[in-house]
Amino acid sequence: MKRTKLFAALTALMLILAACTAAEDGGAATTEAAAGGGDGGGAAAGGTLDAVRAADVVVCGVNDGLPGFGVVGADGTYSGFDVDFCRVVAAGVLGDADKVEYKPLTADVRFTSLQSGDIDVLIRNTTWTATRDGQEGASFLFTVFYDGQGMMVPASTGFTTLEDLADANICVLSGTTTELNLTAVFGARGIPFNPVVFEDNAQLRPAYEEGQCEGWTSDSSQLASFKAAIEGEGGDEQFIMAEIISKEPLGPVVSDGDTEWAQAVEWSVMATVQAWEFGLDSGNIGSYSGDNPNILNFLGTDNFDPGLGLSSDFAIQVVTQVGNYKEIFDRHIPAIGLSLEGSPNNIWTDGGLMYVPPYR
Amino acid sequence: MTTTAPAPPRETSLDWVKKNLFRNWWSGLISVILLPLSLYLAYRALRFLFVTGQWDAVRVNLTLFMQGTFSRDEQWRLISQIMIFALAFGIGLGTNSAASHDRAQDAGLDVERGTIAGTLARMWSLVAFIGLLLFFATTDDMGNLINPFLFVGGGLVMGAVGYQARRLPRRFRNVGWLLTMTFLVIGFQIVSGFDAGGWVPLGIIFGVSAYSIAPVDRFEASWLRGALRFAAALIVVLAIRAVYAAVDTPGIGWDDWSGLHLTLMVSAIAIVLAFPLGLLLALARRSTLPALRIMATAYIEVIRGVPLITLLFMGQFILGFVVPQDVTLSAITRAIAVMTFFSAAYIAEIVRGGLQALPKGQTEAGQALGLAPPPIMRRIVLPQALTAVIPAMVGQFISLFKDSSLLSIIAVLEFLGVRKIIHAQEAFRGVGIAETLVFVAIGYWAFAFAMSRESQRLERRLRVSR
């Protein structure tokens, strides 16, 4: 009886005090909301950009286990090609490349995280396809990496084209788009072949090295890292054919229906390519002294504002803090065995596909 | 006069070998085959551990295994959190041990006294795991070297303090529990932050304590005593509220937990929440009210019929669309919720098993004494039913602990998932794969085994004091 009274009294006390706190908090929140509505107004437009600015951090969905693109170091920091583009977005939108919160995502949950607003932008080696664009509520932006399925053969075979592989055994992972592409391309060209199917790369690699198959097909970025590993461990020299049998354009993805945010992300990312084209890098962009009006526009020195919702010096922030496209590429991709020269990732003036609309 | 039986001849080790290994020809044959084989396997295992193993993948990434991607600038929060939890557990166990020892003595039973050496011996798997961590810790991260010692040492000291609390006057006997609860709350808030609104848990704990120990015995009028008690509680609660308002420091929440820290925290929280929920479900399923019974049965059968991995995915995909738009639940919060709801269904069935095993006469005896249903349940039925199902219950807790490794599939970086990101690092691509797996396995085993041992002890002690 006594105890019941005690709890009743204390519960009442707690409720009263909690109500006081809640009333104070509620009052404060209302004032804040009113102030926000007063000077903002943009928030009505849906505003991921405003939300990101208010939170002062870009939440970026990444891969935490893909060599070259997204890895976590022993000190818990993220690095990689995709990760650097998260930093590019933060530098462009917030002026500080370090204001990124990384959310590691699996392939299964990535689009849901984007739709539910858990992340602001998804940069996780995600291939742009019609179905994903149409059905996942996602907007795919500027392609930052053109990957594609390639073919690796032991250099001793002397094979250089797919036609050389007639009647050969070809190692491939089961149930992947890789397997479907292989069948489609070889079928269309009328090249006979025997697929040798494996469950994972850990089984495939020894089989390939023992000569169970003459060719190994996978994404060229993966083949390159296996080529480096096999040769590095004293195995036979390998050759990756120049021919690419599928298109895998990878780039940042945002949620459908917020063009303001999409533009801010896309132009921040494209600034890295534009700087490369202008010959500007992290070392010299701050000290540009020429009079090219396009470059002056790009640098915002004449207070040129195209109305993208970015500060006029966003390009300087992006390139000084993270680098131009070539610097980002060279930092991560050659280490997994892919080069820029001759690849679609080269700048358009050198025969690649990296072409951005003019900044004027 | 007492007669003592003649002492049996002392058994020599040779006798033991004869009796247990070479009792007859076939047991001798089995021994001859198995002994060298097990010795050889032990040799290979030790050789792998100390000679051939490429442990660099573990050594370099030890902090990653322990704390994952938690910001290294905020690392002090995690370390303090573990330390404070160690203090809480130490003093909680110490107090509990002292209390149960006193109770057993009051009942005229002779029970072993808890000792520091005994506690360490009981927890030998954890001690061994900490030893393994020290073996891997490099000299340049002194924090990693010192922390396990502080952790164990702090826990033991507080255990001793808690044990001594029984010497205090009766009124202050519960100071151990007060400290345990305070440490638990502060341990959480050192990560989640001491916001102005965070005073409520400590307010409740200290308010209740102030109410019950306020020195008002010398006043005659009961209304005066009540008013004074209430005033004391109010003053304490207001003081705590004022302190929180003055400090008002935000933290970083639990969304950044990862690694072993995440595994332990998520498991502990889920276990603590799932137990009462499971208990309520079990009682509801045996209720005489059809609506309650049907709902509880439906819940239990649906949850038990669906794989955990499916529920985890549903938690990620569906919860986001069910809760209001402006409520954002982190992946970890959702995971804790799913693990709790999942385990509660299994615990309910385990508890129901215990309730059904109890003879009906127990309840009837209580009724014959004129007790109301709640005291019968609380004082007669549940203590016996729960004691009977301790092994099954701890088995469920252990499996919950190991099931937390499924969280990496929904991109929550737990202990096992750290392996994957380590082998994406340039230095460890395809290097030390077996070693990291063995390390993780030892880590899980150390905790699961300690839980199992502790449950056996609890079982023994509850049997004794019955």
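Residues that are within 30 Å of residue A:113 (Cβ to Cβ) and of a type in the set (D, E, K, R) within the stretch B:280-327 comprise B:304, B:326, listed in sequence order. Among residues of the stretch A:100-121 that are more than 7 Å from every other protein chain (Cβ to nearest Cβ) and under 21 Å from residue B:254 (Cα atoms), those with a Cβ under 8 angstrom from a residue that is acidic (Asp, Glu) and buried (at least 23 other Cβ atoms within 10 Å of the Cβ), sequence gap 6+ or separate chain, pair up as A:102/A:64.
Where helices (runs of 4 or more DSSP H) sit wholly within the stretch B:274-322, those with at least 1 residues that are within 14 Å of another protein chain (Cβ to nearest Cβ) and surrounded by fewer than 13 Cβ atoms within 10 Å (Cβ to Cβ) occupy B:308-317, B:319-322. With respect to the conditions (1) within 23 Å of residue A:275 (Cβ to Cβ); (2) within 13 Å of chain B (Cβ to nearest Cβ), residue A:91 lacks only one, and its number is (2). Only helices (runs of 4 or more DSSP H) whose full extent lies in the stretch B:347-466 are considered here, and the ones with at least 3 residues that are aliphatic (A, V, I, L, M), within 14 Å of chain A (Cβ to nearest Cβ) and under 30 Å from residue B:309 (Cβ atoms) are B:417-422, B:433-464. One residue stands out in the stretch A:77-88 among those that are buried (at least 21 other Cβ atoms within 10 Å of the Cβ) and within 11 Å of chain B (Cβ to nearest Cβ): the one that is nearest to residue A:270 (Cα to Cα), namely A:80.
Look at the stretch B:235-250: where a residue is free of Cβ contacts under 8 Å to residues at least 24 places away in the same chain and a partner is not acidic (Asp, Glu), sitting 6+ places away or on another chain with Cβ atoms under 9 Å, you get B:238/A:17; B:238/B:203; B:239/B:206; B:242/B:199; B:246/B:196. Residue check: is residue A:72 within 11 Å of chain B (Cβ to nearest Cβ), free of Cβ contacts under 8 Å to residues at least 60 places away in the same chain and surrounded by 20 or more Cβ atoms within 10 Å (Cβ to Cβ)? Against the criterion (within 11 Å of chain B (Cβ to nearest Cβ), free of Cβ contacts under 8 Å to residues at least 60 places away in the same chain and surrounded by 20 or more Cβ atoms within 10 Å (Cβ to Cβ)), residue A:72 qualifies.
Which one is nearest to the chain's Cα centre (by Cα), of the residues in the stretch A:180-222 that are charged (D, E, K, R) and outside any helix (DSSP H, G or I)?
Start the filter on the stretch A:180-222 by keeping residues that are charged (D, E, K, R), which leaves A:189, A:199-200, A:205, A:209-210, A:214, A:219.
Subsequent filtering for residues that are outside any helix (DSSP H, G or I) retains A:199-200, A:210, A:214, A:219.
On the way: A:199: 27, A:200: 24, A:210: 35, A:214: 33, A:219: 16 Å.
Checking each candidate, the answer is A:219.
For the stretch B:265-283, a residue qualifies if it is over 19 Å from residue B:354 (Cα atoms) and free of Cβ contacts under 8 Å to residues at least 40 places away in the same chain, and the qualifying residues are B:265, B:268, B:272.
Evaluate the stretch A:187-208: report whether one residue or more is surrounded by 12 or more Cβ atoms within 10 Å (Cβ to Cβ), under 14 Å from residue A:239 (Cα atoms) and outside the structural domain of residue A:343 (by TED's automatic domain parsing). Working first, answer last.
Filtering the stretch A:187-208 for residues surrounded by 12 or more Cβ atoms within 10 Å (Cβ to Cβ) gives A:191, A:193, A:195-198, A:201, A:203-205, A:207-208.
Right, trim to under 14 Å from residue A:239 (Cα atoms) and you get A:208.
Imposing the further condition that a residue be outside the structural domain of residue A:343 (by TED's automatic domain parsing) reduces the set to A:208.
Within the stretch A:187-208 (the criterion being surrounded by 12 or more Cβ atoms within 10 Å (Cβ to Cβ), under 14 Å from residue A:239 (Cα atoms) and outside the structural domain of residue A:343 (by TED's automatic domain parsing)), the answer is yes, since at least one residue qualifies.
So, residue A:158, is that one surrounded by fewer than 17 Cβ atoms within 10 Å (Cβ to Cβ) and on the phi > 0 side of the Ramachandran plot or not? Judged against the criteria, residue A:158 is a match.
The values are calculated or read from the model by the stated rules, or taken from the named source; none is laboratory data. Just so we're clear, the structure is a prediction, and the values are computed from it rather than from any experiment. With ideal geometry, Cβ positions are generated from the backbone for all residues, glycine too; neighbour counts draw on all protein chains shown.
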